Amino acid sequence: MAESSDERRSQTPEIQKSSNDLPDFKQSVKLKYVKLGYQYLINHGMYLILLPFLAFVATHISTFSSQDLHDLWESLQYNLVSVLLLSTLLVLFSTIYFLTRPRPVYLVNFSCYKPDENRKSTKEIFMQNTKVLGAFTDANIDFQSKIIERSGLGDSTYLPEAVFSVPPTPSIAKARQEAQMVMFGALDDLFAKTNVKPKDIDILIVNCSLFNPTPSLSAMIINHYKLRGNIFSYNLGGMGCSAGVISIDLAKDLLQSHPKSYAVIVSTENITLNWYTGNNRSMLLPNCLFRVGGAAILLSNKCTDRWRAKYQLLHTVRTHKGADDKCYTCVTQEEDSDGKIGVSLSKDLMAVAGDALKTNITTLGPLVLPISEQLLFFATIVARRVLKMNVRPYIPDFKLAFEHFCIHAGGRAVLDELEHNLNLSKWHMEPSRMTLYRFGNTSSSSLWYELAYNEAKGRIKRGDRTWQIAFGSGFKCNSAVWKALKTVNPKDEKKNPWIDEIDDFPVVVA
């Protein structure tokens, strides 16, 4: 949320021809996205309008003495019109309140999959397998070596069996095997943590971008756990690394329509059939960054689950830039000149990501920033645009809105730029950097490894707010905001993927 320092500059396209850095969020903003944030607040929070009225009435009544209440009762007994009017208003406001108030959505618990030790791939093993494959030119082997060294990944990330073996043996059967290993592993842990039976699940949402077999992944889960025949199941494909937040938003909307329901979300990506063996450098980057991982999340709208839930969902904000051709084509699965399929990353990716991030953050601001920050922001707008004063634009401090930041661990460069643009500390960025180092880019599930890191460190206290933000192909940027309902004790997190080694982190990444 920042105003342009130059009116003419604010009218120029924000996405440059190519850039290795995110655009500076502090230099420009489109006020229409600020308006969009307030429109979202009004549309989804009409019931909040009643709160000041109810607070005023309650405060006024609290000043009444017993004699005042007796006199009021006596006067109402003999004034039928007043009684009817007050009763009508009470019923009207109560009806409006309960009809417009959204059902609370609780995150009961979540689980992140941790592969077996024999699936670990060090940088050395990665490069050995890359050389032995014989598919890459010497120049591109050197290119991958440089990328892997600068990527921010450590020596304990995981690769699937089909890619890990020499030579690789990719097949649909192996891809299904990887999907089952990750999804069933995460779900088994989730059901064990929550004591929820598979038959109790009302809504199932699975998101995996690059592997969408028939029958679907959601059908695979339904078959394995013998879920109910009337379950609402959804399978989201091709939506990139931000699909996990999209799944949360979809589950939230479904839980508004289906009372007393459980929703399970499975977020993952599949590596087996998406390992690129060509020599197009724009397609080699995913090989160096993406690794095996997945998460399962249990959401509920049951009031009885509030006492045991870890978090409550406060907001979801989705931004889609797909109407712009440059945004739409910046991450594309396609064939190279030799007919080999891979995911191509455009040179405009960083600029496109920055534009989408800035739009999303600007829309989110009115929903989460303290009133004091918003007043200062609008004061500088009035001073600059109305009074034509030469004052510096005020940049709201998002650290006043959130205690924790879970930023998609897509790559080291993006994390560096976000740390700078949002003025975050090393401590705030630690969960994202350590997730990238320990597990690599696990796509849509990376946000949950980051939240699990904070839990294992004992950082989650009751009332803390966590901001999850991710971006993906299309181009999309999506946010979810959670409020901790309890202090998370690391000693209770026996199945946390970090818990056995959390004392080894943070590490210094070269």
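The values are calculated or read from the model by the stated rules, or taken from the named source; none is laboratory data. Since we're looking at a predicted model, the values are computed, not measured. Reconstructed Cβ throughout: ideal geometry from the backbone, glycine too, with neighbour counts over all protein chains shown. Heavy atoms of the whole protein, side chains included, go into the accessibility calculation; ligands, DNA and RNA do not. Shrake-Rupley method; radii C 1.70, N 1.55, O 1.52, S 1.80 Å.
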- Tally Lys/Arg at +1 and Asp/Glu at -1 over every other residue whose Cβ is under 15 Å from the Cβ of K340; what's the total? -3
- Message: Ranking request for peptides 322-332, 103-113, 172-182: highest mean number of other beta-carbon atoms within 10 Å first, then the rest in descending order.
- Response: 103-113, 172-182, 322-332
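Classify segment 423-510 as rounded, prolate or oblate from the Cα gyration tensor: take a ≥ b ≥ c as the square roots of its eigenvalues, call it rounded if a/c is under 1.5, otherwise prolate when a/b beats b/c and oblate if not. Present the calculation step by step, with values, prior to reporting the outcome.
Values: a/c = 1.65, a/b = 1.20, b/c = 1.38.
Oblate, since a/c reaches 1.5 and b/c is not below a/b.
Heavy atoms only, 1.4 Å probe, whole protein assembly: order L447, L89 by accessible area, highest first.
Numbers: L447 5, L89 70 Å².
The residues order as L89, L447, largest area first.
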- Note on the structure: The rounded separation in angstrom of the Cα centers of segment 177-228 and segment 129-171 is 29
- Task: Would you work out what percent of the accessible area of segment 440-510, with all protein chains in place, is carbon or sulfur (probe 1.4 Å)?
- Result: 46
- Message: Give me the 1.4 Å probe accessible area per residue for segment 130-204, excluding ligands and nucleic acids, in Å².
- Response: 45
- Item | Sites matching GluC sites (Glu not before Pro) across segment 333-394 that sit in DSSP coil, with at most 16 neighbouring C-beta atoms within 10 Å | none
- For segment 365-372, just list the computed ³J(HN,Hα) in residue order, Karplus coefficients 6.51, -1.76 and 1.60, θ = phi - 60°, integers in Hz, with x standing in for Gly and Pro. x, x, 7, 10, 6, x, 4, 4
- Query: Hey, which aspartates and glutamates would be in cross-link range of K494, C-alpha to C-alpha under 16 Å, not counting anything within fewer than 8 residues on its own chain?
  - Reply: D188, D189, E455, D503
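How high is the FRET efficiency from D324 to Q256, r the C-beta distance, R0 35 Å, rounded to 0.05?
On the way: r = 31 Å, r/R0 = 0.88.
Efficiency at R0 = 35 Å is approximately 0.70.
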- Task: Could you tally the net charge around T157, taking each other residue with its Cβ under 10 Å from the Cβ of T157, Lys/Arg +1 and Asp/Glu -1?
- Result: +4
- For segment 140-298, with only Lys/Arg (+1) and Asp/Glu (-1) charged at the beta-carbon, what is the dipole magnitude about the Cα centre, in debye rounded to 20? 280
- Between E117 and E149, take the C-beta separation as r, use R0 = 25 Å, and let me know the FRET efficiency to the nearest 0.05. 0.60
- Task: Can you send over the solvent-accessible area of I125, 1.4 Å probe, protein chains only, in Å² to the nearest 10?
- Result: 50
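With +1 assigned to the C-beta of every Lys and Arg and -1 to the C-beta of every Asp and Glu, and no other charges, what is the dipole magnitude of segment 140-232 about the Cα centre in debye, to the nearest 20?
Values: 9 positive and 9 negative charges, 73 e Å.
Magnitude of the dipole: close to 340 debye.
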- Message: 7 Å from Cα along Cα→Cβ at both R228 and K426: what's the point-to-point distance in nm?
- Response: 5.1
- Between I141 and S65, the two model label points (7 Å from Cα along the beta-carbon direction) sit apart by a distance in nm of 9.5
- Answer rounded, prolate or oblate for segment 467-509, using the Cα gyration tensor with square roots of eigenvalues a ≥ b ≥ c: rounded when a/c is under 1.5, else prolate when a/b is larger than b/c, else oblate. oblate
- Message: Ignoring ligands, DNA and RNA, please state the percent of accessible area on segment 383-432 from carbon and sulfur, probe 1.4 Å.
- Response: 56
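Under 14 Å from the Cβ of A175, count the other residues' Cβ atoms, weight Lys and Arg +1, Asp and Glu -1, and hand me the total. Present the calculation step by step, with values, prior to reporting the outcome.
Working: positive: K174, R176; negative: E161, E178, E269.
So the environment of A175 carries a net charge of -1.
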- Message: Given points 7 Å out from each Cα along the Cα-Cβ axis, report the V166 to R462 separation in nanometres with one decimal.
- Response: 5.5
- Note on the structure: When the charge dipole of segment 223-369 is computed with +1 on Lys and Arg Cβ and -1 on Asp and Glu Cβ about the Cα centre, the Cα farthest towards its positive end, among S300, L345, F232, belongs to S300
- Task: Find the relative contact order for segment 234-301 and round it to a whole percent, using C-alpha pairs within less than 8 Å whose residues are 6+ positions apart.
- Result: 40
- Query: Can you tell which of S111, F164, M181 lies farthest toward the positive end of the dipole of segment 99-232, using +1 and -1 charges on the Cβ of basic and acidic side chains (Lys, Arg; Asp, Glu)?
  - Reply: S111
- Too-long pairs where the Cα-Cα distance tops 21 Å, listed order kept, from K114/K495; K302/K399; K114/K193: K302/K399
- Message: With a 1.4 Å probe and all protein chains left in place, how much of the accessible area of segment 213-276 comes from carbon and sulfur atoms, in whole percent?
- Response: 55
